[in-house]
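Undergrad: Here it is, the structure, as structure tokens.
The values are calculated or read from the model by the stated rules, or taken from the named source; none is laboratory data. Treat the numbers as computed from the prediction; the structure is a model and nothing was measured. Here Cβ is always computed from backbone atoms with ideal geometry, including for glycine, and neighbour counts include all displayed protein chains. Keep in mind that these areas ignore ligands, DNA and RNA; they rest on the heavy atoms of the full protein, side chains included. Shrake-Rupley method; radii C 1.70, N 1.55, O 1.52, S 1.80 Å.
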Amino acid sequence: MNDMIPGLDSATLTLGIPGFTYPDLYEPQALARLTATFDAFLTERDASIGARLAAYRACQGQGMTPEEHSFVLTDAAPHLGAFLARLFRIESAWDAQGAMIRDEDETVLGFRNKFIEPLAKKHKGVDVTSFDRSALHVAVVALRDAARDGARLVHDEEYLTARAAGLLSAEVPSKTFLAGLRTHAPWSSLHDDAALIETARAALEQWCLTVRADDNFHAAASNAWVSFKQPAKTDVQHLVHHPEFDRGGYKAWTAEDQHRRRRDGFALTDLRYGQRRVLYEVDHCIYCHDRDNDTCSKGMPNKKEGGFKTNALGVPVTGCPLSEKISEMHVVKRQGDNIGALALIVIDNPMCPGTGHRICNDCMKGCIYQKTEPVNIPQIETNVLTDVLNLPWGFEIYALLTRWNPLNAQRPYALPYNGRNVLVVGLGPAGYTLSHYLLNEGFGVVAIDGL
């Protein structure tokens, strides 16, 4: 992948950690040294986390509480992200990606959670039909214009609206923002900063209330902005929505127009979520791994009768078949560290590019949200992987994590060849994943497709 980019050639790659060359990353003995180097790196940055990770590897999680087990991984993962960014000398790209994610989360998801969500209680019983909608439109356009100065995204209406809300809520008002507000007619006569902020905030609150009450007032905000998205209720008897039409005297089902994807040769028709929608899904998660209640990963136990509970359709809720560390991955993703988040995925699903959100959604079926839309975990996982692959040396980083991962207590690095060979017949997800595990255990592998 990187060989196609001028200046990026694995044959001449100089690593950022002294004592290692790129070919070393394929040698088990060198990977053992790399583990020791990472341990020293982690201990230098945070001795407490270093000691906890060493203890975790020593006991492989046995005897640890769910809280201890999860927190050592979520605490160590960002340091592993930093280590790999240094190893491949991509600190600036990694930092930039993380800063963008944190800005999206703090600005847009902060707008949703801290500004919009409290409005229903704050303005309970208010009749939104009494608001001057034309004046509210003018006011919000002015707010976006004032928030544009210094913004990361200057043409994104949702982002600018969210940024304006953040600036209105800041402990120390931005003089530039306030000056920008005063250039617009609604507030040109307000010279007192507190009065200006209060008046502008009231206008934005009324605008948000109107959007929530009337989809037609601002269709884009109602239907496309994550700021206003509400999880839809799940009707288990109508999981696939479909219009009907007459064809030859029979009733036929069809997909709704907005869900149709036209194939263009062999090009992907997969409409992956953008970063903002992925962060909405991450925000939708309640992060219950530390309470051992992450049913998306472990399933819903039937404590009375044993086994697993069944859902409304009578299907056992078993959760992820690989027991991925899903909630932990969400925590690290939200911090802006895709490399650390991918390292958590790869512990249990090293072949995630071939599985991702294409193979199953048992994790979603096991999500704690059973009566409304579950967290779209497969889309988050695919986004984490894609974000890493989009970094310089992204494929090499992913590939390294499949054979060297100091967060993997059972097999932190691949073992040397043990002299034994295995034939794997069938190259579906199970076959190629089994081949991967055997290689890391030191076996020679011959893999062929099904006979």
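Undergrad: So which pairs qualify, if the first residue must be in region 62-83 and within 20 Å of LEU31 (Cα to Cα), the second must be open to solvent by 30 Å² or more (accessible area, probe 1.4 Å) and assigned to a helix (DSSP H, G or I), the Cβ gap must be under 6 Å, and the two must be at least 6 apart or on different chains?
TA: HIS79/ARG45
Undergrad: Right, something else. What is the residue count in region 123-163 for residues that are touching a residue at least 40 places away in the same chain (Cβ under 8 Å) and not β-branched (Val, Ile, Thr)?
TA: Of the residues in that region, 15 qualify.
Undergrad: With in contact with a Pro (Cβ under 6 Å, 6 or more places away or on another chain) and not basic (Lys, Arg) as the only criterion, which of PRO392, PRO429, PRO412 stands out?
TA: PRO412
Undergrad: Given (1) of a type in the set (Val, Ile, Thr); (2) part of a helix (DSSP H, G or I); (3) farther than 27 Å from LEU73 by Cα, identify the lone condition not met by VAL240.
TA: With respect to (1) of a type in the set (Val, Ile, Thr); (2) part of a helix (DSSP H, G or I); (3) farther than 27 Å from LEU73 by Cα, VAL240 is out only on (2).
Undergrad: Is it the case, given these coordinates, that MET1 is buried (at least 16 other Cβ atoms within 10 Å of the Cβ) and at pLDDT below 95?
TA: no
Undergrad: Which of the residues that make up region 162-214 are of a type in the set (Phe, Trp, Tyr) and either assigned to a loop (DSSP other than H, G, I, E, B) or over 26 Å from GLU104 (Cα atoms) (or both)?
TA: TRP187 - this is the single residue of region 162-214 that is of a type in the set (Phe, Trp, Tyr) and either assigned to a loop (DSSP other than H, G, I, E, B) or over 26 Å from GLU104 (Cα atoms) (or both).
For (1) open to solvent by less than 60 Å² (accessible area, probe 1.4 Å); (2) within 25 Å of PRO406 (Cα to Cα); (3) not hydroxyl-bearing (Ser, Thr, Tyr), each residue gets a yes or a no:
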site: PHE71; (1), (2), (3): no, yes, yes
site: ALA77; (1), (2), (3): yes, yes, yes
site: GLY81; (1), (2), (3): yes, yes, yes
site: ARG86; (1), (2), (3): no, yes, yes
site: ARG102; (1), (2), (3): no, no, yes
site: LYS124; (1), (2), (3): no, no, yes
site: PHE131; (1), (2), (3): yes, no, yes
site: ALA146; (1), (2), (3): yes, no, yes
site: LEU153; (1), (2), (3): yes, no, yes
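Undergrad: Just give me the residues in region 56-65 being open to solvent by less than 60 Å² (accessible area, probe 1.4 Å) and either aromatic (Phe, Trp, Tyr) or outside any loop (DSSP other than H, G, I, E, B) (or both), in sequence order.
TA: Passing the criteria: TYR56, ARG57, CYS59.
Undergrad: Continuing with this model, one more query. Restricting to region 418-445, name every residue that is exposed (fewer than 14 other Cβ atoms within 10 Å of the Cβ), in contact with a Leu (Cβ under 9 Å, 6 or more places away or on another chain) and over 24 Å from ILE359 (Cβ atoms).
TA: The answer is GLY444, and nothing else.
Undergrad: Let me ask another. Being open to solvent by less than 10 Å² (accessible area, probe 1.4 Å) and hydroxyl-bearing (Ser, Thr, Tyr), is that true of even one residue in region 40-53?
TA: Looking for residues that are open to solvent by less than 10 Å² (accessible area, probe 1.4 Å) and hydroxyl-bearing (Ser, Thr, Tyr), one finds none in region 40-53, hence no.
Undergrad: Checking LYS229 against (1) in contact (Cβ under 8 Å) with a residue 40 or more places away in the chain; (2) exposed (fewer than 13 other Cβ atoms within 10 Å of the Cβ): exactly one of these is not met. Which one?
TA: (2)
Undergrad: Looking only at region 268-303, how many residues end up being over 30 Å from GLY110 (Cα atoms) and open to solvent by less than 50 Å² (accessible area, probe 1.4 Å)?
TA: Here the count works out to 4.
Undergrad: Residues being in a helix (DSSP H, G or I), surrounded by fewer than 24 Cβ atoms within 10 Å (Cβ to Cβ) and free of Cβ contacts under 8 Å to residues at least 60 places away in the same chain: count how many of those fall in region 317-340.
TA: Looking only at that region, the number is 0.
Undergrad: May I ask you to list the residues in region 327-351 that are touching a Lys or Arg at 6+ places or on another chain (Cβ under 9 Å), more than 22 Å from ASP283 (Cβ to Cβ) and not β-branched (Val, Ile, Thr)?
TA: Matches in region 327-351: ASP348, PRO350.
Undergrad: Restricting the search to region 403-417, which residues are open to solvent by 20 Å² or more (accessible area, probe 1.4 Å) and within 30 Å of TYR273 (Cα to Cα)?
TA: ARG403, ASN408
Undergrad: Ok, one more. Of (1) aliphatic (A, V, I, L, M); (2) in contact (Cβ under 8 Å) with a residue 40 or more places away in the chain; (3) under 14 Å from ASN405 (Cα atoms), ILE17 satisfies all except one. Which?
TA: (3)
Undergrad: Can I ask one more? From PRO23, PRO118, which residue is free of Cβ contacts under 8 Å to residues at least 40 places away in the same chain, out of contact with any Ser or Thr (no Cβ under 6 Å at 6 or more places or on another chain), under 30 Å from ASP156 (Cα atoms) and open to solvent by 10 Å² or more (accessible area, probe 1.4 Å)?
TA: PRO118
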